[in-house]
Amino acid sequence: MTTSTGLHHVTAMAGHARRNLDFYTQTLGLRFVKKTVNFDDPGTYHFYFGDAVGTPGTIITFFPWGDAAPGRVGAGETQETAFAVPVGSLDGWEMRLADLGVEAGAIVTRFGERVLPFADPDGMRLSLVETAWAAGVPAWDGGPLADDAAIRGFASVTLGLANPAATATVLTEVFGWRHAGTEAGRQRFVAPGDGTHPGHVVDLVTVGGGRGRLGAGSVHHIAFRAASDADQAAMAAALGRLGVPATEQKDRNYFRSIYFREPGGVLFEIATDDPGFAVDESVETLGTRLMLPEQYETARARIEAVLPDLGAAS
Ligand code: ZN
């Protein structure tokens, strides 16, 4: 069976662009991997943050809309996006977030791991999770955090669903993941492999209260990895057998993607690992210049004029 080895990226909606950029690079210490535009709406930025090269499983991306109304989390949506940090770093993180005025909850334990829930400036629900594998994954060395605390990509995402069963079937039958246990109503699914790489966990929880409202702080979609176009096509075929339609493949410059709404209502994407973010600028200079796909290059001046001013780095 063709399988997905993990999450590829998480894409969310944000409010103020500069505030979003500062939070993910300065507060959380991720690398600004790519500054581009929404390929379907080139008057809007698309920011990518991740590790040194934007390895699949480390990439969180945002569409910042300065005047976006706040979202409200509901069923059929990502409830929380969790980043992995080394064991022993969470107390330091708790102090760091408090010092920086970031709203955080109390540290809890899930599946034997310590979890610190907090929110970004748009109210997006995030957490930091001490995972045993994090210390074995290289950290980007250009950020403000030391190696013993820096984020190592995603620990997991948590999806809230009115009825998780059909979503679970997509994870197991299309992606080849397995149910790894249930704790306090949280069903954990893990990707094939030894569980030592970023983004190999998805949790499903049952939520009531109907659909939420997408807005600033909402996750727009989550993407799963495909090792090749052939693997992506095989997963699309498996979806077809479940009666779930997917889009045609779209070229996103840094990966090639198909999209589908899984039966629980969450927008899923399957994105190829290749070619990655060094396809149009060097690894050394990632994120420093506005990169546009070929079809928008002739309109660069017009696009730059309508994009929000990011001002000077604070
Ligand atoms: Zn995406």
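Laid out as a table, the results:
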{"item": "Any hit, the range 205-213, residues being under 26 Å from Gly153 (Cα atoms), within 15 Å of the ligand (Cβ to nearest atom) and among the aliphatic types (A, V, I, L, M)", "result": "no"}
{"item": "Failed item, numbered, when Thr5 is tested on (1) assigned to a strand (DSSP E or B); (2) in contact with a His (Cβ under 8 Å, 6 or more places away or on another chain); (3) of a type in the set (Val, Ile, Thr)", "result": "(1)"}
{"item": "Selection status of Thr36, surrounded by 20 or more Cβ atoms within 10 Å (Cβ to Cβ), within 16 Å of the ligand (Cβ to nearest atom) and over 21 Å from Pro144 (Cβ atoms)", "result": "yes"}
{"item": "Hits in the range 52-87 (condition: crowded, with 23+ Cβ neighbours inside 10 Å and part of a loop (DSSP other than H, G, I, E, B))", "result": "Gly54, Pro56, Gly57, Thr58"}
{"item": "Residues within the range 262-285 that are within 16 Å of the ligand (Cβ to nearest atom) and either closer than 17 Å to Thr5 by Cα or free of Cβ contacts under 8 Å to residues at least 12 places away in the same chain (or both), tallied", "result": "9"}
{"item": "Any hit, the range 36-50, residues being charged (D, E, K, R), modelled with pLDDT of 95 or more and over 12 Å from Asp120 (Cβ atoms)", "result": "no"}
{"item": "Filtered residue count, the range 159-196, keeping only those that are crowded, with 21+ Cβ neighbours inside 10 Å and in a strand (DSSP E or B)", "result": "5"}
{"item": "Restricting the range 218-246 to residues that are of a type in the set (D, E, K, R) and surrounded by 18 or more Cβ atoms within 10 Å (Cβ to Cβ), the residue that is nearest to the ligand (Cβ to nearest atom)", "result": "Arg225"}
{"item": "Failed condition for Ala98, given (1) outside any helix (DSSP H, G or I); (2) over 18 Å from Pro56 (Cα atoms); (3) among the small types (Gly, Ala, Ser)", "result": "(1)"}
{"item": "Among residues of the range 29-51, those that are charged (D, E, K, R), in contact with a Phe, Trp or Tyr (Cβ under 6 Å, 6 or more places away or on another chain) and in a strand (DSSP E or B), counted", "result": "2"}
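Conditions tested, residue by residue: (1) assigned to a loop (DSSP other than H, G, I, E, B); (2) loosely packed, with under 11 Cβ neighbours inside 10 Å.
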| residue | (1), (2) |
| --- | --- |
| Glu248 | yes, yes |
| Pro263 | yes, no |
| Ile270 | no, no |
| Ala278 | no, no |
| Glu281 | yes, no |
| Gly287 | yes, no |
| Glu304 | no, no |
| Pro308 | yes, no |
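The values are calculated or read from the model by the stated rules, or taken from the named source; none is laboratory data. Remember, predicted model here, so these are calculated numbers, not experimental data. As a convention, Cβ positions derive from the backbone with ideal geometry for all residues, glycine included, and neighbour counts pool all protein chains shown.
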